[in-house]
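The structure under discussion appears below in the form of structure tokens.
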Amino acid sequence: MPVPTPEQLQRGQRLPVAALTAQRTLTVQVNLPGMNDADLSLFGVNEQRRLADDRYFIFYNQLSSPERALGLDLPRSEFHIELDRLPPSIHRLTVAATSDSQTFAALGAGRVHLSDQEGIRAAFDVPGNLFQAEKAVILLDLYRHQGEWRVTAVGQGFNGGLQALLESMGGEVANDAPASSPSPSPTVPPQPGGPLPVQQWPPLNSSPLFPATGSTCRRCQARSSLLNRLDAQGVCGRCQREVAEGLRQFRLRFVDACADSVMEYREWQDLQAVIDRERISAHRALEFVRPDALRFLERMFALARADGQITQEEETTFHSMIKHLEVPGTMVAHLERELEELKQAAQLRAGNLPTVHSSIMLEAGEIAHLECTATYRHVTSTRTRDIPGRLVVTNRQVHFLSPSEGGWNIQYAKVLQIEELPDGVNLALGVKKGNGYYHGVSQPVLLGATLDALVRINKRLLLMPQTERASRSIPQKVKLEVWQRDQGKCVECGDNNYLEFDHVIPHSKGGASTVNNLQLLCRRCNLQKSNRI
């Protein structure tokens with residue numbers, strides 16, 4: 001069957017896509033003779049024509065959208081579009097071209113083709129005489145209208161080039177973008193009203209199924225046959241294959257949403273849209289991505305606790321996300337234990353100190369609050385050696401006892417600063433004896449919190465934290481920016497386990513909790529760095 005003659009679109013003309021082709025997979029090919037360095041871009045924008053998700057800005061440095069509904073073939077200057085795979089939030093697809101060194105007055109007989117698998121269905125001529133000093137041009141729009149997709153030939157230029165084009169869609173180009181990147185990703189402005197808290201998100205809902213009859217598929221109503229049997233859930237073989245593909249699409253979108261260790265509400269809505277479009281079970285979809293969900297929760301918790309404390313808001317968000325992702329409690333038990341340790345440390349800093357039985361003879365009225373193994377690092381001008389022993393923290397003083405070296409007492413009045421480290425504490429004292437690093441502690445967070453509270457009680461400063469940790473809380477916005485900059489891994493060795501925020505210039509030496517003075521280190525590298533600059 002011969003392909004009909006392509007529809008010749010005029011500037012401003014609009015047509016239903018269904019009038020051109022019944023297919024839902026399309027190709028937009030752009031030919032721009034005379035433009036030596038033109039870059040092609042495709043913007044997937046919302047109903048307000050705003051770029052609400054920069055993952056749908058397709059250009060030379062981002063060749064496809066998360067679910068592969070949009071793709072750019074650079075050598076062929078073609079965009080591939082699968083309309084049925086686009087999320088409902090994408091209402092308009094805008095095809096554009098930009099240039100850094102030329103205006104589009106240099107364009108010759110430009111031409112845009114809209115094709116399906118059988119051939120060209122529509123063509124739009126874009127001659128250079130339409131333009132003068134413009135360095136960006138919108139060529140073609142595909143948009144939703146009353147439930148159907150339509151196409152319009154645009155041919156609109158922008159004198160400001162890429163920046164003017166992005167600003168018209170609600171994005172902006174960073175001022176300090178490198179000159180070698182002519183088409184940087186846009187910065188999306190924050191949504192008005194602030195983000196919706198995770199605890200208010202609705203749960204993911206399964207796509208509804210037909211009632212079970214035993215003879216027809218619950219998903220498509222096809223009758224069971226020898227070649228198309230129903231499984232235990234009453235779903236036919238064809239639907240089983242479609243569900244398997246739908247689960248893969250859900251995982252692709254889920255992994256992409258979790259890539260920055262933060263999930264936003266619009267990404268949660270996109271996951272629901274995938275479930276609805278692919279007609280799959282929400283429970284089965286979450287079960288399918290459970291290993292990815294666990295890794296996401298671990299990164300999320302590491303980001304929240306990396307400054308040594310966790311806020312009530314962070315705790316609520318964490319537990320709400322566990323509930324939404326349907327992750328079993330046994331899989332996050334290790335995270336819950338760390339969370340309880342942080343909460344216990346907060347109680348200790350507030351002065352709620354427990355009483356423990358001590359293994360040493362204490363003075364009358366002296367009460368032990370913590371006892372643990374520790375190793376003291378003795379540093380002299382000639383050598384460094386470790387002295388193993390035990391720390392007994394009481395209401396009056398700190399005792400260090402070593403079976404080989406004897407021991408000493410530390411009066412709280414002599415404590416100038418307590419620096420919490422990954423596996424112990426560094427005590428800055430007003431005397432030489434006992435001053436230094438105590439490491440090999442099983443619960444350094446609890447040790448630091450207990451010492452902090454007792455020093456403040458002794459100095460009548462209960463409301464004024466003495467540990468470095470207690471006074472260097474890092475704002476969530478700063479933590480997130482550092483985490484994303486360092487890609488969620490140690491900047492020294494690349495490990496992504498037991499990560500902590502480290503001050504490049506230590507807080508004890510005047511370093512601030514700013515993006516430029518913070519870095520991600522694993523516990524091992526942080527221990528090796530200690531308080532060196």
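The values are calculated or read from the model by the stated rules, or taken from the named source; none is laboratory data. Everything numeric in this text was worked out from a predicted model, so none of it was measured. Using ideal geometry, Cβ is built from the backbone for each residue, glycine included, and neighbour counts are taken over all protein chains shown.
Taken together, LEU230, LEU204 contain a single residue that is buried (at least 16 other Cβ atoms within 10 Å of the Cβ) and without any contact (Cβ under 8 Å) to a residue 60 or more places away in the chain, which is LEU230.
LEU165 satisfies every condition listed in (1) surrounded by 20 or more Cβ atoms within 10 Å (Cβ to Cβ); (2) farther than 20 Å from ASN46 by Cβ except (2). The number of residues in the stretch 363-405 being in a loop (DSSP other than H, G, I, E, B) and either of a type in the set (A, V, I, L, M, F, W, C) or under 42 Å from the mean Cα position of the chain (by Cα) (or both) comes to 2.
Restricted to the stretch 279-316, and to residues there that are among the hydroxyl-bearing types (Ser, Thr, Tyr) and surrounded by fewer than 19 Cβ atoms within 10 Å (Cβ to Cβ), the residue that is modelled with the lowest pLDDT is THR311. Restricting the stretch 71-103 to residues that are acidic (Asp, Glu) and under 18 Å from ASP141 (Cβ atoms), the residue that is surrounded by the most Cβ atoms within 10 Å (Cβ to Cβ) is GLU78.
Residues that are among the small types (Gly, Ala, Ser) and crowded, with 16+ Cβ neighbours inside 10 Å within the stretch 376-401 comprise just one, GLY389.
Scoring ARG349 on the criteria (1) out of contact with any His (no Cβ under 8 Å at 6 or more places or on another chain); (2) at pLDDT 85 or above; (3) buried (at least 19 other Cβ atoms within 10 Å of the Cβ) leaves a single failure, condition (2). Of all the criteria given as (1) free of Cβ contacts under 8 Å to residues at least 40 places away in the same chain; (2) surrounded by fewer than 16 Cβ atoms within 10 Å (Cβ to Cβ), the one not satisfied by SER65 is (2). Set side by side, the residues ASP276, ASP270 differ, and just one is among the acidic types (Asp, Glu), surrounded by fewer than 18 Cβ atoms within 10 Å (Cβ to Cβ) and touching a residue at least 40 places away in the same chain (Cβ under 8 Å), which is ASP276. Among the criteria (1) at negative phi; (2) at pLDDT 85 or above, the one GLY434 does not fulfil is (1).
With respect to the conditions (1) over 19 Å from PRO197 (Cα atoms); (2) surrounded by fewer than 19 Cβ atoms within 10 Å (Cβ to Cβ); (3) touching a residue at least 60 places away in the same chain (Cβ under 8 Å); (4) not aromatic (Phe, Trp, Tyr), SER320 falls short on a single one, namely (1). When the residues of the stretch 1-51 are filtered to those that are crowded, with 16+ Cβ neighbours inside 10 Å and among the hydroxyl-bearing types (Ser, Thr, Tyr), the one that is farthest from VAL126 (Cα to Cα) is THR21.
Selection over the stretch 107-143 of residues that are part of a strand (DSSP E or B) and out of contact with any strand residue (DSSP E or B) (no Cβ under 7 Å at 6 or more places or on another chain) gives a count of 1.
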